[in-house]
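Each remark here refers to the structure printed beneath this line.
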Amino acid sequence: MSGIEGKVVAITGASSGIGEATALLLAERGAKIVLGARRPERLEALAARIEKAGGEAAWARTDVTRHEDLLGLVELARDRYGKLDVLVSNAGVGLISRLDDLRVEDWEEMIDVNLKGVLYGIAAALPVFREQGFGHFVNTVSTAGLRIVPLQSVYAGTKNAVRTISEGLRQEAGDSLRVTVVSPGAVRTDFAERMDPAVKGQIDKLMEIALPPDAVARAIAFAIEQPDGVDVGDIVVRPTAQG
Ligand code: NJP
């Protein structure tokens, strides 16, 4: 199958930003969307918005730090729509700081959400993709992993771990599963909201040139809509003005 119409796409981190924009775009193009994040009221409202526009959406409260929640999200896709074509592992947190600040809990949260959350997604979807004989992993990583700068080393480390695992997954996947990593640059979302005010200045500057989230959604849609035999491996989408 090629194209987006009729595909069942589960998205983590679907309650805002890039995940939300991706859900709206793919639903508009005829995909059935399974929304996951921790804020149910936002997922419910987004599903209602998609349905009102003539699309199809289901949702489940999903904390990606819990393996069982990812199993539940994949199960919901199969129960409701009979299959899962794509898992977009997009949930992420960017609690950036200097290593000297020793914000060990923030490091752990980034590892739990950005890295283990993606692994739990692989653990939930891979057996299903194997059984079906088709499936596509799309993992949101970051330009922070391509151009390493101060304050972002742990964040970039989690994203580059996902980049590495995704390439290994691609090589192990064989000829029927696809694996894509998407590296956004600065994107105008809620992403910086939880950042320490002391470091937020660096990000606020970037936000002045940031892209709207649907620019990344279009890149994800591009990877998904390719024919089965075309695996778009790595996409970088950053503002033209980003250094
Ligand atoms: O940010 P935001 P983005 N379990 O804050 C969810 C990467 N990125 O759209 O759980 C499940 O609007 C959270 O949902 P909730 C970034 O690293 C961004 O920009 O309800 N979900 C929300 O839906 C991330 O991987 C930029 O709070 C959890 C979503 O994650 C992806 O883009 C640059 C969760 C975050 O949405 C989307 O981020 C870049 C959990 N435990 C990479 N914790 C950028 N914006 O500039 C959080 O290079 N979420």
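Quick note: the coordinates plus some simple rules give every number you see, no bench work behind them. Since we're looking at a predicted model, the values are computed, not measured. Cβ atoms come from the backbone with ideal geometry, glycine included; neighbour counts cover every protein chain shown.
Given R₀ = 22 Å, what would the calculated FRET efficiency be for ALA241 paired with GLU193, taking r from the Cβ atoms and rounding to 0.05? Let's see the in-between values first.
Values: r = 23 Å, r/R0 = 1.03.
About 0.45, to the nearest 0.05.
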(message) On the principal axes of its Cα set, how long, how wide and how thick is the chain? Give whole Å, largest value first.
(response) 49, 40, 35
(request) For ILE235, list long-range residues whose amide hydrogen, built 1.01 Å from N in the peptide plane, is under 5 Å from its own amide hydrogen. (result) VAL181, VAL182, SER183
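Given a Förster distance of 45 angstrom, what is the FRET efficiency for ILE209 paired with PHE134, based on the Cβ-Cβ distance and rounded to 0.05? Please list the in-between numbers first.
Details: r = 38 Å, r/R0 = 0.85.
For ILE209 and PHE134, the calculated efficiency is 0.70.
Please find the FRET efficiency linking GLN202 to ASP79, where r is the Cβ-Cβ separation and R0 is fixed at 41 Å, and quote it to the nearest 0.05.
For GLN202 and ASP79, the calculated efficiency is 0.40.
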(message) Exceeding 22 Å between C-alpha atoms, which entries from my cross-link table qualify? They are LYS7/LYS52; LYS32/LYS159; LYS7/LYS159; LYS7/LYS116.
(response) LYS32/LYS159; LYS7/LYS159; LYS7/LYS116
(request) Give me the distance between the Cα centres of region 16-46 and region 180-227, rounded to whole Å. (result) 16 Å
(request) Multiply the residue separation of GLU44 and ILE111 by 0.36 nm, subtract the distance between their alpha-carbon atoms, and state the gained length in nm to one decimal. (result) 21.4 nm
(request) Would you work out which of PRO40, GLY82, THR22 lies farthest towards the positive end of the dipole of region 1-101? Charges go on Cβ: Lys and Arg +1, Asp and Glu -1. (result) GLY82
(message) Could you check the spin-label model distance between ALA53 and THR164? Points 7 Å from the Cα along Cα→Cβ, value in nm.
(response) 3.8 nm
(message) Can you tell me, using C-alpha contacts under 8 Å and at least 6 residues apart, the relative contact order of region 173-228 as a whole percent?
(response) 48 percent
(request) Taking only Cα atoms and a 10 Å spring cutoff, compute GNM fluctuations for the chain and point out the largest among VAL128, VAL182, VAL118. (result) VAL128
(request) Treat every Asp and Glu Cβ in region 8-237 as -1 and every Lys and Arg Cβ as +1, leave all other atoms uncharged, and give the resulting dipole magnitude about the Cα centre to the nearest 20 debye. (result) 280 debye
(message) Connecting C-alpha atoms closer than 10 Å in a GNM of the chain, tell me which of SER153, SER15, SER183 has the biggest fluctuation.
(response) SER153
(message) Testing the spin-label approximation: label points 7 Å from Cα along Cα→Cβ at VAL104 and VAL230. State their distance in nm.
(response) 4.9 nm
(request) With an 8 Å cut-off on Cα pairs and a minimum separation of 6 or more residues, tell me the relative contact order of region 8-237 in percent. (result) 21 percent
(message) Show me, bin by bin at 5 Å from 0, the whole-percent P(r) of region 1-136 based on Cα pairs.
(response) 2, 12, 21, 22, 18, 12, 7, 4, 2, 1, 0
(request) Given the options GLU28, GLU105, GLU75, state which has the largest fluctuation in a GNM of the chain using a 10 Å cut-off (strictly under) for Cα springs. (result) GLU105
(message) Are there DSSP H segments in the chain that both extend 20 Å or more along their axis (alpha-carbon positions) and score a mean Kyte-Doolittle hydropathy of at least 0.5? List them, or say none.
(response) 117-132
